[in-house]
Amino acid sequence: MLHIEFLVEELSAEKALHNLLPKIITGEHTYKIITYQGKHDMLAKLPYTLKGYAKWIDQNFKIVVLIDRDNMDCFILKEQLEHIANEATLSTKSSVDNNASYTVLNRIAIEELESWFFGDANAVRSAYPRVSANFEQKSTYRNPDNIQGGTWEALERILQVAGYFRTGIRKTEVANEISKHMQPLNNRSKSFQVFWDGITDTLSLNEENH
């Protein structure tokens, strides 16, 4: 049995994962989500959190760190996460050879969690039926990980045009509603695919080692 703890930066990510993870973490495997008070809080506390884990976790315990890229350089942010894990003496997927065991999986939502929602336009429409039937075909939204001007702002515009959230998007509510309808294997967001594949690999590797 494998236990995975997901460290996320905000409540909207927690809500989304609570709807998505039961689709992949099944059987005797378990998970828990730990939520920080934003990206700054997460990066400040992560070194202490990982050092605390390092004192007692075993091979059946894994950690997934999920953070938004926002405006940071993706490679610099990933390097920072890898360094924090290394300082805590915890191996990461990126630091070991293929098929070797690791403890930490670092994953970045590019540029924000809302990119993953754009990756599943049908889920957006299922949650909010008045949204345009073909918005994802517009060049602005064709690449979910490369939407300019802020991903959540773009999602807010789409929802408001459709008559939702006139006074402003409620990110946690939206994350919860859209993620209920998401089909992970059909998601067009590359960063979501990398995140999902990482969990799949973690679960498969654990089975191989037992």
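The values are calculated or read from the model by the stated rules, or taken from the named source; none is laboratory data. Computed from a predicted structure; not experimentally measured. Accessible surface areas use protein heavy atoms only, side chains included; no ligands, DNA or RNA. Shrake-Rupley method; radii C 1.70, N 1.55, O 1.52, S 1.80 Å.
Overview of values
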item	result
Shape of region 6-62, Cα gyration tensor, a/c cut at 1.5	oblate
Coarse-grained scattering of region 135-210 at q = 0.25 Å⁻¹, given as base-10 log I(q)/I(0) from a Debye sum over alpha-carbon atoms	-1.30
Contour minus Cα-Cα distance for ASN186 and ASP97 (0.36 nm per residue)	29.2 nm
Carbon/sulfur fraction of accessible area - the chain, other protein chains in place, 1.4 Å, %	47 percent
Relative contact order of the chain, defined on C-alpha pairs under 8 angstrom at six or more residues apart (%)	24 percent
Accessible area expressed per residue, region 1-68, with surrounding protein chains retained (probe 1.4 Å, Å²)	47 Å²
Centroid-to-centroid separation of region 11-51 and region 57-100 [C-alpha atoms, Å]	14 Å
Heavy-atom surface of region 100-210, accessible at 1.4 Å and reported per residue (Å²)	46 Å²
